[in-house]
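Comments concern the structure below.
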Amino acid sequence: MVYAVNITSQGQISIPAKLRRKIGFSKRAIVSAEEDRIILRPVADIMDLMGSLKTNKKPLTNKQLHKLFGEALARGEV
């Protein structure tokens, strides 16, 4: 696939949706230069991993998290 894109005065381009989906781009990318080429690589979003690890444990409530953080802070661990 070859696309012509515009480059804004701020150096921004729009990657066509069909190409973004094919490559797997989301919100972030790695940009590098190789001779006379610009290389874009997708970066996995940490939120894409949500639900990939199974557990029987229930998540902590905000109150529990606050309490544990306060205790760790008191011990000087944070």
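Spin-label point model (7 Å from Cα, Cβ direction): what's the residue 20 to residue 35 distance in nm?
With each label point 7 Å from Cα toward Cβ, the separation is 3.0 nm.
By count of other Cβ within 10 Å, fewest leading, how are 36, 45 ordered? Walk me through the numbers before you get to the answer.
On the way: 36 5, 45 11.
Going from sparsest to densest Cβ surroundings: 36, 45.
Measuring from label point to label point, each 7 Å out along Cα→Cβ, what is the residue 57 to residue 45 span in nm?
So the label points at residue 57 and residue 45 sit 2.6 nm apart.
Once Rg and Dmax of the Cα atoms in Å is worked out from the coordinates, which option in [x] 21.2, 58; [y] 12.3, 39; [z] 11.2, 31 does it equal?
[x]
Looking only at 59, 42, 16, which one moves most when the chain is put into a Gaussian network model with springs between Cα atoms under 10 Å?
59
As a test of the formula, what do you get for the chain when each DSSP H run with n ≥ 4 contributes -39,500 (n - 2.57) and the sum is divided by the residue count, at 222 nm and rounded to the nearest 500 deg cm²/dmol?
Using -39500 (n - 2.57) per qualifying helix, the result is -7500 deg cm²/dmol.
Summing Lys, Arg as +1 and Asp, Glu as -1, what charge do residues with Cβ under 12 Å from the Cβ of residue 29 carry, residue 29 excluded?
Numbers: positive: 20, 27, 28, 41; negative: 45.
Result for the neighbourhood of residue 29: +3.
Which lysines, on any chain, are close to residue 54 with Cα under 27 Å apart, when same-chain ones fewer than 8 places away are left out?
27, 63, 67
If exposed means no more than 10 neighbouring beta carbons inside 10 Å and the site is in a DSSP loop, what's the longest run of the chain without any exposed trypsin sites (Lys or Arg not before Pro)?
1-26
When the dipole is taken about the Cα centre of the chain, and only Lys, Arg (+1) and Asp, Glu (-1) are charged at their Cβ, what size is it in debye, to the nearest 20? Write down the numbers at each step before the final one.
Details: 14 positive and 7 negative charges, 114 e Å.
Dipole about the Cα centre, nearest 20: 540 debye.
Between the alpha-carbon centers of the range 57-77 and the range 1-55, tell me the distance in whole angstrom.
When both Cα centres are located, 37 Å separates them.
In nm, give the distance between the simple-model label positions of residue 28 and residue 7, each being 7 Å from the Cα along the Cα-to-Cβ direction.
About 2.5 nm, to one decimal.
Highest GNM mean-square fluctuation, the chain, Cα pairs closer than 10 Å: which of 40, 60, 19?
It is 60.
What percent does the relative contact order of the chain come to when contacts are Cα pairs within less than 8 Å and at least six residues apart?
Details: 41 pairs, mean separation 12.1, N = 78.
It comes to 15 percent, rounded to a whole number.
Among 35, 71, 77, which comes first, second and so on when ranked by fewest other beta-carbon atoms within 10 Å? Can you show the working numbers first?
Numbers: 35 4, 71 11, 77 8.
Listing 35, 71, 77 from fewest to most nearby Cβ atoms yields 35, 77, 71.
Quick note: the coordinates plus some simple rules give every number you see, no bench work behind them. Treat the numbers as computed from the prediction; the structure is a model and nothing was measured. Because the Cβ atoms are built from the backbone with ideal geometry, glycine has one as well, and the counts that use them run over all protein chains shown.
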